[in-house]
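Novice: Provided herewith is a single structure, encoded as structure tokens, for subsequent inquiry.
No value in this document is a laboratory result; all are computed from the given coordinates. These figures come from a predicted structure and were not determined experimentally. When we count neighbours, we look across all protein chains shown, and the Cβ atoms used for this are built from the backbone with ideal geometry, even at glycine.
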Amino acid sequence: MEKSDPLYRRILLKISGEILSGREGGSFSPDILEYIVQEIEKVHKIGVEVAVVVGGGNIIRGVNSERMGLDRISADFMGMLGTIINSIALKSVFKKHNISAEIFSAIPVGAIVNPHDAHRAVETMENGKVVIFSGGTGNPYFSTDSSAALRAIEIKADVLLKGTKVDGVYTADPVKNPDAKKFDELTYDEMVIQNLKVMDMTAATLCRDNGMKVIVFNLLQEDSVYRVVSGERIGTLIKG
């Protein structure tokens, strides 16, 4: 991996909670946590300011509340607390790599993490620390994608990186349909018209109306974050 000047100087990386489970399932895969921190470390070392939003789907998903016998609001708040648990786990691994990280939460949790403050988060990034946003938006009925879009806009990120298990956006699920075609680039309107399940409408509208570019890529491909930040065209770019 050759060193190159980054195209993007400030990024927000959105990670699904499911990725943290790894192949073995369960709440956390120590190997995946280690891998994610190593991938972020590669861009942090070249001066990229990094913020992270991590989901809570490895612990609980609010949209599955009915199956669990819970009302949606309770389940959503449980999911938001799950993102705080995931953020604490990530911060612990960052510490092992001698990378300072600070957690900001939309839900007050006392001395464990910092209350959400976009201006302070930006200052924290400018001082060389990784920022981890947790607690969603602090409100039920909003997905982690919406939270990631909101935080990316608040911190004036150059791009929102959506790290997934697939290498971009396809016309259909490539696992179920081998004839599915990958998009190299999309507009938000095209995404909506074609009913592509990339992110929810709230997140898409926030990004479109505020000129926030999104790149969907396979986080589990080694060096993928570095390659995206360096300007290599991988994954799917959504803009316009």
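Novice: Report, by chain and number, residues whose modeled amide H sits under 5 Å from the one on Leu7, excluding near sequence neighbours (fewer than 5 apart, same chain).
Specialist: Close amide H contacts, sequence-distant or interchain: Ser230, Gly231.
Novice: Please report, to one decimal in angstroms, the Kirkwood hydrodynamic radius of segment 10-239 built from all distinct Cα-Cα pairs.
Specialist: Details: mean 1/r = 0.0565 Å⁻¹.
It is 17.7 Å.
Novice: How large is ³J(HN,Hα), in whole Hz, for each residue of segment 97-114 in order, when computed from phi with the Karplus curve 6.51 cos²θ - 1.76 cosθ + 1.60 and θ = phi - 60°, using x for Gly and Pro?
Specialist: Here the 3J(HN,Hα) series is 9, 6, 10, 6, 9, 10, 9, 10, 10, 6, 10, x, 9, x, 7, 5, 9, 7 Hz.
Novice: Now for a different question. What is the local net charge at Ala157, summed over the other residues whose Cβ is closer than 10 Å to its Cβ (Lys, Arg +1; Asp, Glu -1)? Kindly include the intermediate steps, with their values, before the conclusion.
Specialist: Numbers: positive: Arg9, Arg10, Arg151, Lys156, Lys213; negative: Glu49, Glu154, Asp158.
That works out to +2.
Novice: Then there is this: If the elastic network links every pair of Cα atoms under 10 Å, which of Gln221, Gln38, Gln194 fluctuates the most in the Gaussian network model of the chain?
Specialist: Of Gln221, Gln38, Gln194, the Gaussian network model singles out Gln194 as fluctuating most.
Novice: Lys/Arg Cβ at +1, Asp/Glu Cβ at -1, dipole of segment 135-211 taken about the Cα centre: which of Thr202, Gly138, Gly168 is farthest positive-ward?
Specialist: Gly138
Novice: Given only helices, namely DSSP H runs of n ≥ 4 each adding -39500 (n - 2.57), what is the per-residue ellipticity at 222 nm of the chain, to the nearest 500 deg cm²/dmol? If you can, show how the numbers build up before the last one.
Specialist: On the way: 9 runs with 90 residues, N = 240.
Value at 222 nm, helices only, nearest 500: -11000 deg cm²/dmol.
Novice: Pop out the ³J(HN,Hα) list for segment 212-221 in order, Karplus 6.51 cos²θ - 1.76 cosθ + 1.60 with θ = phi - 60°, rounded to Hz; leave Gly and Pro as x.
Specialist: Calculated HN-Hα couplings, in order: 8, 6, 10, 10, 9, 8, 8, 5, 7, 8 Hz.
Novice: Okay, moving on. Given points 7 Å out from each Cα along the Cα-Cβ axis, report the Lys213 to Asp173 separation in nanometres with one decimal.
Specialist: Rounded to a tenth, the inter-label distance reads 3.1 nm.
Novice: Let me ask something else about it. What is the order of Ser146, Ser21, fewest Cβ neighbours within 10 Å to most? Please report the intermediate quantities before stating the final value.
Specialist: Working: Ser146 22, Ser21 17.
Placing the least packed residue first, the sequence is Ser21, Ser146.
Novice: Under a point spin-label approximation (7 Å from Cα along Cα-to-Cβ), what is the Asp200-Ile88 distance to one decimal in nm?
Specialist: 2.5 nm
Novice: Further, regarding this structure: Cut-off is 10 Å between beta-carbons; in what order do Ser230, Ser87 appear when sorted fewest neighbours first? Mind showing how you got there, number by number?
Specialist: Details: Ser230 20, Ser87 25.
By the 10 Å Cβ count, ascending: Ser230, Ser87.
Novice: Using modelled backbone amide H atoms (1.01 Å from N, in-plane), which distant-in-sequence or interchain residues come within less than 5 Å of Glu49's amide H?
Specialist: Excluding prolines and chain starts, which carry no amide H, the hits are Arg10, Ile11.
Novice: Using a Förster radius of 30 Å, what is the FRET efficiency between Arg67 and Ser100 based on their Cβ-Cβ separation? Nearest 0.05, please.
Specialist: Details: r = 40 Å, r/R0 = 1.33.
According to the calculation, E is roughly 0.15.
Novice: Can you compute the charge dipole magnitude of the chain about its Cα centre, using +1 on each Lys and Arg Cβ and -1 on each Asp and Glu Cβ, nothing else charged? Give it in debye, rounded to the nearest 20. Spell out each step's value before the answer.
Specialist: On the way: 28 positive and 31 negative charges, 35 e Å.
Computed charge dipole of the chain: roughly 160 debye.
Novice: Could I ask something else about it? Placing +1 at every Lys and Arg Cβ and -1 at every Asp and Glu Cβ, with all other atoms neutral, what dipole size does segment 126-235 have around its Cα centre, in debye to the nearest 20? Don't skip to the answer; put the middle values down first.
Specialist: Working: 13 positive and 16 negative charges, 34 e Å.
Rounded to the nearest 20 debye, it is 160 debye.
Novice: Sticking with this structure for a sec: Rounded to the nearest Å, what's the spacing between the alpha carbon centres of segment 101-126 and segment 137-165? Just the number, please.
Specialist: Between the Cα centre of segment 101-126 and that of segment 137-165, the gap is 15 Å.
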